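Data first, discussion second: the structure below is written as structure tokens.
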Amino acid sequence: MKRVAILISGGGSNMLALVNSMTGDHPARPVLVASNDPEASGLRRAEAMGIATAAVDHRRFGKDRAGFEAELLRHILAARPDILCLAGFMRVLTAGFVAQFEGRMLNIHPSLLPKYPGLHTHQRALDAGDTQAGCTVHEVTAVLDDGPLLGQAQVPVLPGDTADSLAARVLVQEHRLYPAVLRRYAAGDRTPILLP
Ligand code: GAR
């Protein structure tokens, strides 16, 4: 059974989708939900499901990113995860941190990468006049929102869409895609999943 730690920064709806999927014959189980924000409501949701949580407030560390990451790493390593899932984790991780989990860290990003790495993905898709948007799950490397593709799901951009309406449509697909990828990944299968 693979042990999965999940990093969040906010509501954690993707975290919930992952946790809820890890039952029965699933090859993995959640062992930790950690956040850079002690107020992240996803932490409360994880606690309510009986999952161990940790909060390391990045604001306590100011510009000392190494200090923040060392503290976060301490919590993560104590949980002995095989796989680390970033699920709406909004801090950029250094190459040194990423190296600790090379080949076993996943991220979900709300765009069809390589389009729109970084922030404001939905507004950028609208501004570009794209007719398709979506989300991507990829292996994390030291390059932001880069790394081997593990899955993508597409949604149409509809007339009158705002960044919020598009984000909501994409999020529904995120909740399908990430669990599907994690299930395969935990079983050792890295073949990309493409959802229509
Ligand atoms: C999700 O849309 C996720 O793809 C995005 O943040 C949201 C978190 O929602 N992640 C990023 O933008 C990472 N750069 P959630 O907390 O409800 O899962």
Apart from one, (1) assigned to a loop (DSSP other than H, G, I, E, B); (2) touching a residue at least 24 places away in the same chain (Cβ under 8 Å); (3) not basic (Lys, Arg) all hold for TYR116; the odd one out is (2)
- Message: Would you confirm, using the coordinates I've provided, whether LEU150 is under 19 Å from VAL98 (Cβ atoms) and in contact (Cβ under 8 Å) with a residue 40 or more places away in the chain?
- Response: yes
Within the bounds of region 97-112, is there any residue that is of a type in the set (Ser, Thr, Tyr) and either within 15 Å of the chain's Cα centre (by Cα) or on the phi > 0 side of the Ramachandran plot (or both)?
yes
Take LEU194 and tell me if it is away from the ligand (no atom under 14 Å from the Cβ), assigned to a strand (DSSP E or B), out of contact with any Phe, Trp or Tyr (no Cβ under 6 Å at 6 or more places or on another chain) and not small (Gly, Ala, Ser). yes
Scanning region 1-40 residue by residue, those of a type in the set (Val, Ile, Thr) and assigned to a loop (DSSP other than H, G, I, E, B) turn out to be THR23
Flagged in region 57-113 as of a type in the set (D, E, K, R), exposed (fewer than 14 other Cβ atoms within 10 Å of the Cβ) and in a loop (DSSP other than H, G, I, E, B), in numbering order, are ASP57, LYS63, ASP64, ARG80, GLU102
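Taken together, the values in this text are just the output of simple stated rules run on the coordinates, not laboratory data. Computed from a predicted structure; not experimentally measured. All Cβ positions, even for glycine, are placed from backbone atoms using ideal geometry, and neighbour counts span all protein chains on display.
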